[in-house]
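Accompanying notes for the structure given below.
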């Protein structure tokens, strides 16, 4: 009996302890679940700054003026006094082509012209004689001293002689034109520089045979470029090209020159689209923009790659916040929320209420006041790489939430408790 009572009391103590433990766990769970969530954030003070909006692009360096020299006659190169990289002056000899065949053609054309001119002189003498005879016959006929048939014969002889003379005259003109053409071909056997510049490309060697423009486009002999005037050619995306205007300033960094920066001005914006990947998912539409370098190094070479930041607009002394501080939230939350979203005002919410009309997204920032997040609607302007112009909604001096991205875009809501990370460290440092 005594042992049975002891066992019963022992069971009571065990089950009682388990019950107390369960109750304690339930209370802890309830109390812990009701505890307000605290979100860790980083902040930055709203301040005034100068903001310059830029469009980034890449391209190649090119001379503003360059001339491609091609051969208009066929023959062997017998003179090549320049090399690639040489500076040349306008009118300086660049290349001489063997022109023996053209000289022979010129001599034949000279001989033909002399023969034609001699024939013309002979025909002129005949015409002068026949003209006198015809005039004499007309005078005799007027005095009834010559018959009608004699006058008609004299007239016919005059007309035929005149036609022969005119044919000889046309033959002289034709031979003169042929001679001029041959002389032009002979002159083209020597090529002179059309501009002051540098031989930036040389495609032939001494003794090589070149083809004239009668064969395709003729041999591409060399390129002479004016390196005193340099321009940068870039292709800009269709969405960005509308921001660019002529005379916009550009900051250019050439890969070969490290961090050295060159200044330029936009001089031309293309009207024709440059499309790549047409008809595919990778289709890209760009427009060519030309930037003239205001100051440049003589060591710049044609074809060098560069990165350009084209400054399209600048505002001075305006309120600004970090770009990541601004997010977009729907004005009508909790409708057609995307699966997996746990924030009823997330920027990815796309409700389609109001008769199927998509709800408007509002740009907002969160500031910290008394340990809590406060949502502020803002109107934004231009941005640079780091900061965004705030046109309205903020006064300056507020602590705006700048991180984390998840907190700004999804977790934060109006009135939620936040903890500013790094604040304690700053206070300890100040102490």
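We did not get these values from a lab; they are worked out from the coordinates using the rules stated. Every value quoted in this text rests on a predicted model; they were computed, and no experiment measured them. Cβ sites come from the backbone with ideal geometry, for glycine too, and all protein chains shown count toward neighbours.
Which shape class applies to region 189-299: rounded if a/c is under 1.5, otherwise prolate when a/b exceeds b/c and oblate if not, where a ≥ b ≥ c are the square roots of the Cα gyration tensor eigenvalues? The shape class here is oblate. Using a ≥ b ≥ c from the Cα gyration tensor of region 100-188 (square roots of the eigenvalues), is it rounded, prolate or oblate, where a/c under 1.5 gives rounded and otherwise the larger of a/b and b/c decides, a/b for prolate? Because a/c hits 1.5 or more and a/b exceeds b/c, region 100-188 counts as prolate. In terms of the mean number of neighbouring beta-carbon atoms within 10 Å, the peptides 55-62, 89-96 order highest first as 55-62, 89-96.
For the peptides 279-285, 414-420, 198-204, residues were scored by their other Cβ atoms within 10 Å and the scores averaged per peptide; the highest-first order is 198-204, 414-420, 279-285. Residues 159, 227, 278, arranged from fewest to most other Cβ atoms within 10 angstrom of their Cβ, appear as 278, 159, 227.
Highest mean packing comes first when the peptides 71-82, 368-379 are listed by Cβ atoms within 10 Å, giving 71-82, 368-379. Once Rg and the Kirkwood radius are both taken over the C-alpha atoms of region 79-144, their ratio Rg/Rh works out to 1.57.
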